[in-house]
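Q: First, the structure itself, so that you have it in front of you.
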Amino acid sequence: MLVVFGVALLVLTAAVVVLYAMLAELAARVPERSGPTRNREIRPLDEARVGHAPDVWPAVLPHRERSVVLVLSTICNACEDVARQLVSDPGHPDWAEASLVISTGARIRGEEFVTRNRLGQFPHFVDEGGEWVSGEFGIQSSPSALVFHGGRLESAHEFNDVAALRVALDPTLNGDLEENREKEEV
């Protein structure tokens, strides 16, 4: 009986060693990520009601001649990344045109999203159920950017990279934002 127990223990030990060796091999095959790789593509939102002036404008959002409203959702991983970019990447925290609409099922989740991601420096509106964004503009995706000119929706875009969005909206920023991105990567 003692011999059977010893053999079983030896087999079990060998199996654990082989398992760890297999995990180490698997880990060696997975490429290391040096940082977040974002899709820099800016896609137009065809369903958006371009040219529409909203019947109701949330009082907490500034009403400027030109403004960019970023629509983020509390249940969207890409939106979490966009929020991090807004507060961490050089040049974005002082984006004067930007304001936020946080689309969520419950107001408390929207406020928690703003607090957790330190977005309080941006004017923001918590859009319960996404009613304002979908009702006024027909948009049901996030992250998205709504560009207003003279109170009317000029264009709407889906995006993942804030720097790429800003360059698409204002090509004169290209050099400044790329220079900041290179400094951050070093």
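The values are calculated or read from the model by the stated rules, or taken from the named source; none is laboratory data. Worth saying up front: this structure is predicted, and the values here are computed from it rather than measured. Note that each Cβ is placed from the backbone with ideal geometry, even for glycine, and that neighbours are counted across all protein chains shown.
Q: Across region 88-137, what is the number of residues that are within 14 Å of the chain's Cα centre (by Cα) and of a type outside the set (V, I, T)?
A: Within region 88-137, the first condition is being within 14 Å of the chain's Cα centre (by Cα), and the residues that meet it are 88-89, 92, 100-103, 113-114, 116-119.
From what is left, the residues that are of a type outside the set (V, I, T) are 88-89, 92, 100, 103, 113, 116-119.
Total satisfying the criteria: 10.
Q: Looking at (1) more than 28 Å from D46 (Cα to Cα); (2) assigned to a loop (DSSP other than H, G, I, E, B), which is the one condition that is false for E112?
A: The one condition E112 does not meet is (2).
Q: Starting from residues that are free of Cβ contacts under 8 Å to residues at least 40 places away in the same chain and not charged (D, E, K, R), keep the ones in region 38-81 and report whichever is nearest to Q121 (Cα to Cα).
A: Among those residues, the one meeting the criterion is A59.
Q: To continue, here is another question. Quick check on E111: is it at pLDDT 95 or above and not hydroxyl-bearing (S, T, Y)?
A: Yes.
Q: Okay, moving on. Residue pairs, Cβ under 9 Å, 6 or more apart or interchain, first in region 121-148 and assigned by TED's automatic domain parsing to the domain that holds A48 and crowded, with 16+ Cβ neighbours inside 10 Å, second in a loop (DSSP other than H, G, I, E, B) and among the basic types (K, R). List them.
A: Qualifying pairs under 9 Å: E136/R49; F137/R49; G138/R49; I139/R49; F148/R64.
Q: Being surrounded by fewer than 18 Cβ atoms within 10 Å (Cβ to Cβ), in the same structural domain as V50 (by TED's automatic domain parsing), modelled with pLDDT under 95 and touching a helix residue (DSSP H, G or I) at 6+ places or on another chain (Cβ under 6 Å) is the requirement here; does G105 meet it?
A: So G105 does not fit the description; no.
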